[in-house]
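One structure below.
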Amino acid sequence: MSAATRSRTPDRLCAEAVDLARAAAEEAAAPGVVGEYEGCVSEGDRVVTHFFECKELGYRGWRWAVTVARASRARIVTVDEAVLLPGPDALLAPEWVPWSERLRPGDLGPGDLLPTDAEDLRLEPGYTGVDEVPPNSVLSGEFADLAEAEDAEVTPGTPAHQPAPARGSIAAVAEELGMGRARVLSRYGLHSAADRWEEAFGPKTPMAQAAPASCVSCGFLVPIGGSLGQAFGICANEYSPADGRVVSLAYGCGGHSEAAVMPKPPRPAPPVIDETRIDPFPLRPSPDSGSVPATQDEDSAELGHS
């Protein structure tokens, strides 16, 4: 008989060592959490694992697994290990997801550091005028090590307090022109931001559909520079739901600056035939409606005129 065939049948002495396995489980667990015996399985030649119900709160469906074994031709069974394992119906934690995939907008709090991946598709290399990256850049090795530390502390000072480049140097000119950054938004980063802003405050929102006009003609719109300025701006109306937000030029709301002075829509012309109006008609003609005066003299009466 092969070893694979023998391993399917539990060893008799190891399978009978239920009390030994329970004692090992109770020693590893807290008092009163080892429950009913749930059987055993063969792990190999003279190796058997016994299972016991776990009554620990929060571990529904888990089992204490105690593996016992004995040496060849030996009559003494010994304990190999005792661990807590999930059963077929165990309540398990969700699958682990890296922090970079769990992070959502608004999760970043005061003091938190969010290192940006060097291969982030939203960014591309910028122009700083120098070969070495600035110390506060995300590409700096010192800053990356600081961000990866578990108990990292932010050193005092902001990028504005960093020593300025010498006046007249290439780095100073680049900073003056707004190019003194290690990385800038890539085309993918621009499109990604535009899609988010368009979905939040774009022309397809219910507010924009009911607006009297779009933001492109509103006096509260603050223009922005760059290529995004051709399609977006910042709302500065404190009564608008988009106050302080980046809005599409095609967005709109009831707080439009010209909403009160906009011409009213033209009223339709009155109908040629008014079928709802009633014209009164007298039942008898008026006395003075004829060609003969209403006053009669004796001569006209004799002649039969009336």
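Condition check: assigned to a loop (DSSP other than H, G, I, E, B), surrounded by 10 or more Cβ atoms within 10 Å (Cβ to Cβ), modelled with pLDDT of 70 or more and small (Gly, Ala, Ser). Does ALA294 satisfy that? So ALA294 fails the test.
Residue count for region 1-28 satisfying the condition of being modelled with pLDDT of 90 or more and in a loop (DSSP other than H, G, I, E, B): 2. Residues that are at pLDDT below 65 and more than 20 Å from GLN230 (Cα to Cα) were ranked within region 178-198; the one that is surrounded by the most Cβ atoms within 10 Å (Cβ to Cβ) is GLY180.
Of the residues contained in region 86-100, one or more are found to be part of a strand (DSSP E or B), closer than 28 Å to ASP11 by Cβ and without any contact (Cβ under 8 Å) to a residue 40 or more places away in the chain.
Within region 232-248, being in contact (Cβ under 8 Å) with a residue 24 or more places away in the chain, outside any strand (DSSP E or B) and open to solvent by less than 40 Å² (accessible area, probe 1.4 Å) holds for one residue alone: ALA242.
Close Cβ contacts (under 9 Å, 6 or more residues apart or on different chains) running from residues in region 217-228 that are free of Cβ contacts under 8 Å to residues at least 40 places away in the same chain to residues that are among the β-branched types (Val, Ile, Thr) and part of a strand (DSSP E or B) comprise LEU221/ILE234; LEU221/VAL247; VAL222/ILE234; PRO223/ILE234; ILE224/ILE234; ILE224/VAL246; LEU228/VAL246.
When restricted to residues that are open to solvent by 60 Å² or more (accessible area, probe 1.4 Å) and either in contact (Cβ under 8 Å) with a residue 24 or more places away in the chain or over 10 Å from VAL33 (Cα atoms) (or both), region 46-62 contains 5. Among the residues making up region 199-214, those that are surrounded by 13 or more Cβ atoms within 10 Å (Cβ to Cβ), of a type in the set (A, V, I, L, M, F, W, C) and more than 25 Å from the chain's Cα centre (by Cα) are ALA211, ALA213.
Going by the conditions given, is GLU43 of a type in the set (D, E, K, R), in a strand (DSSP E or B) and surrounded by 13 or more Cβ atoms within 10 Å (Cβ to Cβ)? Yes: the conditions hold for GLU43.
The values are calculated or read from the model by the stated rules, or taken from the named source; none is laboratory data. What you see is a predicted model; the values in this text were computed from it and never measured. Every residue, glycine among them, receives a Cβ derived from its backbone with ideal geometry; neighbour counts consider all protein chains shown. We work out accessible area using only protein heavy atoms, side chains counted, and drop any ligands, DNA or RNA first. Shrake-Rupley method; radii C 1.70, N 1.55, O 1.52, S 1.80 Å.
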